[in-house]
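Engineer: Sharing a structure here in structure tokens format.
The values are calculated or read from the model by the stated rules, or taken from the named source; none is laboratory data. Since the model is a prediction, treat every value here as computed from it, not as a measurement. Here the Cβ is made from the backbone with ideal geometry for all residues, glycine too, and neighbour counts use every protein chain on show.
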Amino acid sequence: MKSADLQRIFLALTLPSHVQGSLSALGKRLHDSGVAASWERTEKMHITLRFLGAIDSATRQEAETRVARIAESTSEIDLVFHSLGAFPSPERPRVIWAGALPTAPLIGLMRQLESVSRECGLEPEQRRPHPHCTLGRVKAAHKNVNLTALIKSITFDPILTRASGVTLLKSVLHQGGSTYTTIQSYPFIRTRGTHD
């Protein structure tokens with residue numbers, strides 16, 4: 001299989017522009033506080049549900065079929081961004097994020113998509129589901145000795161929205177970062193019930 005035949009893709013919850021703007025503003029507050037990082041562009045902000053990696057068209061089509069079935073039986077999901085943090089930890093920051101509440105519907109969807117990925121022959125995800133939106137990537141850890149304190153010092157009102165579907169995105173790497181292109185969207189079709 002030639003590398004040109006492979007596409008680097010992932011499944012995500014896209015966010016409305018006003019939510020992206022609110023999340024971007026959190027990154028700006030950290031920047032203004034002296035955090036040295038490469039900050040994510042506002043229009044790229046999203047929640048990654050499952051990174052599928054560089055896969056061929058046959059695997060992609062199989063995944064799309066399975067994801068469409070899941071979306072048909074899923075209701076819209078409430079999202080609440082409520083915290084800031086860093087991977088792998090605030091003491092050793094590499095990625096700064098805004099965390100979304102790990103509600104049962106959101107974690108359930110991520111686990112379903114993990115099962116789909118394995119059924120398509122992809123390697124299992126080793127990390128536990130952790131819904132978040134990346135705000136920035138730390139380039140110089142030695143310049144961020146106070147990052148833990150800065151993250152804890154920034155408080156904000158919960159940022160609320162509702163996800164109405166899963167989006168399949170292609171990621172193309174460039175020297176200055178990456179660009180995302182929507183391949184397909186799968187709307188949630190199930191009607192929300194009183195217990196959703």
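Engineer: Residue by residue through the range 71-117, note down the ones that are basic (Lys, Arg), modelled with pLDDT under 95 and out of contact with any strand residue (DSSP E or B) (no Cβ under 6 Å at 6 or more places or on another chain).
Structural biologist: Initial filter on the range 71-117 (basic (Lys, Arg)): 92, 94, 111.
Of the ones still in play, those that are also modelled with pLDDT under 95 are 92, 94.
Listed by number, the list holds a single entry, Arg92.
Engineer: What is the number of the single condition among (1) under 20 Å from Pro158 (Cα atoms); (2) part of a helix (DSSP H, G or I) that Gln61 does not meet?
Structural biologist: Condition (1) is where Gln61 drops out.
Engineer: Right, another one. Just wondering, is there one or more residues in the range 124-141 that are charged (D, E, K, R) and touching a helix residue (DSSP H, G or I) at 6+ places or on another chain (Cβ under 6 Å)? Steps first, answer last, please.
Structural biologist: Within the range 124-141, the subset charged (D, E, K, R) is 125, 127-128, 137, 139.
Restricting the remaining residues to those that are touching a helix residue (DSSP H, G or I) at 6+ places or on another chain (Cβ under 6 Å) gives 125.
Looking through the range 124-141, at least one residue is charged (D, E, K, R) and touching a helix residue (DSSP H, G or I) at 6+ places or on another chain (Cβ under 6 Å).
Engineer: Okay, moving on. Say whether the condition of being closer than 22 Å to Leu106 by Cβ and either at pLDDT 95 or above or β-branched (Val, Ile, Thr) (or both) is met by at least one residue in the range 54-61.
Structural biologist: Within the range 54-61, not a single residue is closer than 22 Å to Leu106 by Cβ and either at pLDDT 95 or above or β-branched (Val, Ile, Thr) (or both).
Engineer: Okay, moving on. Checking Tyr180 against (1) at pLDDT below 80; (2) hydroxyl-bearing (Ser, Thr, Tyr); (3) surrounded by 12 or more Cβ atoms within 10 Å (Cβ to Cβ), which test does it fail?
Structural biologist: (1)
Engineer: Could you please find all residues in the range 5-25 being modelled with pLDDT of 95 or more and over 16 Å from Ser185 (Cα atoms)?
Structural biologist: Ser17, His18, Val19, Gln20, Gly21, Ser22, Leu23, Ser24, Ala25
Engineer: Which condition does Leu23 not pass, out of (1) over 13 Å from the mean Cα position of the chain (by Cα); (2) part of a helix (DSSP H, G or I); (3) surrounded by 16 or more Cβ atoms within 10 Å (Cβ to Cβ), if it passes all the others?
Structural biologist: For Leu23, the failing item is (1).
Engineer: Given (1) among the polar types (S, T, N, Q); (2) surrounded by 15 or more Cβ atoms within 10 Å (Cβ to Cβ); (3) more than 19 Å from His132 (Cβ to Cβ), identify the lone condition not met by Ser171.
Structural biologist: If we test Ser171 against (1) among the polar types (S, T, N, Q); (2) surrounded by 15 or more Cβ atoms within 10 Å (Cβ to Cβ); (3) more than 19 Å from His132 (Cβ to Cβ), just (3) comes out false.
Engineer: Looking at the range 39-55, is at least one residue part of a helix (DSSP H, G or I), surrounded by fewer than 20 Cβ atoms within 10 Å (Cβ to Cβ) and not polar (S, T, N, Q)? Before you say what the answer is, go through the steps one by one.
Structural biologist: Initial filter on the range 39-55 (part of a helix (DSSP H, G or I)): 42-44.
Filter once more, so that each one left must be surrounded by fewer than 20 Cβ atoms within 10 Å (Cβ to Cβ): 42-44.
Those still in the list that are not polar (S, T, N, Q) too: 43-44.
Taking every residue of the range 39-55 in turn, at least one turns out to be part of a helix (DSSP H, G or I), surrounded by fewer than 20 Cβ atoms within 10 Å (Cβ to Cβ) and not polar (S, T, N, Q).
Engineer: Next question. Filter the range 140-163 down to residues that are buried (at least 18 other Cβ atoms within 10 Å of the Cβ) and either modelled with pLDDT of 95 or more or assigned to a loop (DSSP other than H, G, I, E, B) (or both), then give me how many there are.
Structural biologist: Count: 4.
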